[in-house]
Amino acid sequence: MSMYSNYLKERTDKEVLETEQGFAVYSFTQDAVYIEDIFVDKDFRHSNVASDIADKISEIAKSKGFKKMLGSICPSTKNSTEGLKVLLAYGFKLDSSTNNFILFAKDLE
Ligand SMILES: CC(C)(COP(=O)(O)OP(=O)(O)OC[C@H]1O[C@@H](n2cnc3c(N)ncnc32)[C@H](O)[C@@H]1OP(=O)(O)O)[C@@H](O)C(=O)NCCC(=O)NCCS
């Protein structure tokens, strides 16, 4: 567990799922689990590491009774178009948008 992860857990309601290859920061809204950030080490990309991490979070959320997952893109961030492709590949659908923030949703099966 990294020090930043410990910091987030102590100071916020965010949860962190870390593996040797990557991590995700997520939180729970009233009716959904929201994956706020996801990162995979460059050496391990395109091997479904991100999908596997999202699947694990999905299982945790389902065990708590949640039926929806949220993800988001800030178009102005670096490589946001690549992030968009990853969200779409994972099955997220457009939900809504505000200025420089696009929200995506996916039903948890
Ligand atoms: C985005 C990120 C987490 C993806 O991690 P990953 O482990 O490589 O993703 P996966 O292997 O699970 O990808 C699943 C699918 O998403 C799509 N995908 C992944 N990276 C992609 C890219 N750079 N361009 C286009 N499609 C991509 C592909 O369809 C991929 O399946 P495939 O590799 O079998 O074709 C990783 O590239 C990363 O850490 N990027 C920097 C941080 C970042 O941008 N995070 C926010 C994303 S919303």
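The values are calculated or read from the model by the stated rules, or taken from the named source; none is laboratory data. The structure displayed is predicted, hence computed values, not measured ones. Counting neighbours? That spans all protein chains shown, and the Cβs are built from the backbone with ideal geometry, glycine included. Just so you know, the surface numbers come from the protein's heavy atoms only, side chains and all, with ligands and any DNA or RNA stripped out. Shrake-Rupley method; radii C 1.70, N 1.55, O 1.52, S 1.80 Å.
Points worth noting:
- Residue in the range 10-20 that is open to solvent by 70 Å² or more (accessible area, probe 1.4 Å) and in a helix (DSSP H, G or I) present: yes
- Within the range 21-34, the set of residues being open to solvent by less than 50 Å² (accessible area, probe 1.4 Å) and touching a Phe, Trp or Tyr at 6+ places or on another chain (Cβ under 8 Å) comprises Gly22, Ala24, Tyr26, Ser27, Ala32, Val33, Tyr34.
- Whichever residue in the range 93-109 is at pLDDT 95 or above and among the acidic types (Asp, Glu) and, among such residues, is least open to solvent (accessible area, probe 1.4 Å): Asp95
- Residue list for the range 2-41, filter: within 8 Å of the ligand (Cβ to nearest atom) and charged (D, E, K, R): Asp37, Asp41
- Under the condition of being outside any helix (DSSP H, G or I), under 10 Å from the mean Cα position of the chain (by Cα) and buried (at least 19 other Cβ atoms within 10 Å of the Cβ), the residues counted in the range 35-71 number 5.
- For Ser76: the one exception among (1) farther than 15 Å from Ile35 by Cα; (2) surrounded by 12 or more Cβ atoms within 10 Å (Cβ to Cβ): (2)
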